[in-house]
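Student: Below you will find the structure I want to go over with you.
The values are calculated or read from the model by the stated rules, or taken from the named source; none is laboratory data. Only a predicted model underlies this, so the values are computations on that prediction, with no experimental measurement involved. Because the Cβ atoms are built from the backbone with ideal geometry, glycine has one as well, and the counts that use them run over all protein chains shown. All accessible areas refer to the heavy atoms of the entire protein, side chains included, with ligands and DNA or RNA removed. Shrake-Rupley method; radii C 1.70, N 1.55, O 1.52, S 1.80 Å.
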Amino acid sequence: MTIAVDPAIQQKPLSFDEFLARHGSDNRYELIDGEVFDLEPTGLHEEIVAFISANICVQIDAIGLPWFVFQRGLLRPSNVGMTAFRPDVAVVDRDELVKEPLWSEQSILTLGSSIKFVAEVVSSNWQNDYARKVEDYAVLGICEYWIADYAGLGGTRHIGKPKQPTLSVCRLVDGEYEIQQFRGNQTIVSPTFPDLKLTAEQVLKAGR
């Protein structure tokens, strides 16, 4: 879900501190390997983010766990330099926050153990969601990662041919993601939220 910032705006790679000083208060930007990306979400993109968040909140309340939904905060992996992801939706374990070095002063997470679930809604730069984030979220140990490709933008090696709207559920197994894809009226299978009763179409059309 990323669109690179105009090169005229960014003359050189930014460190995390430089990025934070320039863009930290604006939730439309993230940093990947020193490059700033403008997230520029569309209206439907935001509807899907809100739909996922609302349904996950219902599941969290039903389970009764000390988790909450974290939208557009920064995830700065401690093992990756000059990178600060801004997930569309993240489920955070409140009990793990005592281990987070920055949380008491800033809405920045650094540890994968704090995050139980992540969802990204795909926009024009789909490569980051299907490649880079699949790799880094797995290394962080995030158990479940959704890629909601409502416009079928991903490459054919990711979503097949002909391309079509697809929800990919990445489940962490032995340090790597196993990916299961859902389309149309197929019911989503979520390892984190087994009682979730949604079809791929409901998510990809934001319940319309």
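Student: If we keep just the residues of the stretch 165-205 that are within 22 Å of PHE68 (Cβ to Cβ), touching a residue at least 40 places away in the same chain (Cβ under 8 Å) and in a loop (DSSP other than H, G, I, E, B), which is most open to solvent (accessible area, probe 1.4 Å)?
Tutor: Restricting to residues being within 22 Å of PHE68 (Cβ to Cβ), touching a residue at least 40 places away in the same chain (Cβ under 8 Å) and in a loop (DSSP other than H, G, I, E, B), the top hit is ASP195.
Student: Would you check which residues across the stretch 69-102 are part of a loop (DSSP other than H, G, I, E, B) and open to solvent by 70 Å² or more (accessible area, probe 1.4 Å) and list them? Walk me through how you get there before you give the answer.
Tutor: Taking the stretch 69-102 and keeping what is part of a loop (DSSP other than H, G, I, E, B), we get 71-73, 76-83, 86-88, 100-102.
If the condition is that a residue be part of a loop (DSSP other than H, G, I, E, B) and open to solvent by 70 Å² or more (accessible area, probe 1.4 Å), then GLN71, ARG76, SER78, ASN79, MET82, PRO101 are the ones that fit.
Student: Could I ask something else about it? Report yes if ILE142 is out of contact with any Gly (no Cβ under 6 Å at 6 or more places or on another chain), among the β-branched types (Val, Ile, Thr) and outside any helix (DSSP H, G or I), otherwise no. Give the derivation first.
Tutor: Numbers: out of contact with any Gly (no Cβ under 6 Å at 6 or more places or on another chain): no; among the β-branched types (Val, Ile, Thr): yes; outside any helix (DSSP H, G or I): yes.
No: the conditions fail for ILE142.
Student: Is there any pair with a first residue in the stretch 130-150 that is in contact (Cβ under 8 Å) with a residue 40 or more places away in the chain and a second that is open to solvent by 10 Å² or more (accessible area, probe 1.4 Å) and basic (Lys, Arg) whose Cβ atoms are under 7 Å apart and which are 6 or more apart or on different chains, and what are they?
Tutor: The qualifying pairs are CYS143/LYS116; GLU144/ARG171.
Matching residues to (1) touching a His at 6+ places or on another chain (Cβ under 9 Å); (2) at pLDDT below 90; (3) not in a loop (DSSP other than H, G, I, E, B):
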position: MET1; (1), (2), (3): yes, yes, no
position: ALA8; (1), (2), (3): no, yes, no
position: LEU14; (1), (2), (3): yes, no, no
position: PHE19; (1), (2), (3): no, no, yes
position: ASP26; (1), (2), (3): no, yes, no
position: HIS45; (1), (2), (3): no, no, yes
position: VAL58; (1), (2), (3): no, no, yes
position: ASP61; (1), (2), (3): no, no, yes
position: LEU65; (1), (2), (3): no, no, no
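Student: Conditions: (1) open to solvent by 10 Å² or more (accessible area, probe 1.4 Å); (2) of a type in the set (Gly, Ala, Ser); (3) touching a Gly at 6+ places or on another chain (Cβ under 6 Å). ALA62 meets all but one. Number of the miss?
Tutor: With (1) open to solvent by 10 Å² or more (accessible area, probe 1.4 Å); (2) of a type in the set (Gly, Ala, Ser); (3) touching a Gly at 6+ places or on another chain (Cβ under 6 Å) applied to ALA62, the lone miss is (3).
Student: Restricted to the stretch 123-157, and to residues that are within 13 Å of the chain's Cα centre (by Cα) and of a type in the set (Val, Ile, Thr), which residue is most open to solvent (accessible area, probe 1.4 Å)?
Tutor: VAL134
Student: Also, I was wondering about something else. Which residue, of SER53, SER78, is among the polar types (S, T, N, Q) and closer than 18 Å to GLU105 by Cα?
Tutor: Numbers: SER53 fails: closer than 18 Å to GLU105 by Cα.
Only one candidate qualifies: SER78.
Student: Checking GLU120 against (1) assigned to a loop (DSSP other than H, G, I, E, B); (2) crowded, with 19+ Cβ neighbours inside 10 Å; (3) among the acidic types (Asp, Glu): exactly one of these is not met. Which one?
Tutor: Answer for GLU120: the failing condition is (1).
Student: Mind telling me which of the residues ASP136, ASP129 ends up being touching a Pro at 6+ places or on another chain (Cβ under 7 Å), assigned to a helix (DSSP H, G or I) and at pLDDT below 95?
Tutor: Only one candidate qualifies: ASP136.
Student: In the stretch 34-43, what count of residues is obtained for those that are modelled with pLDDT of 90 or more and open to solvent by 60 Å² or more (accessible area, probe 1.4 Å)?
Tutor: 1
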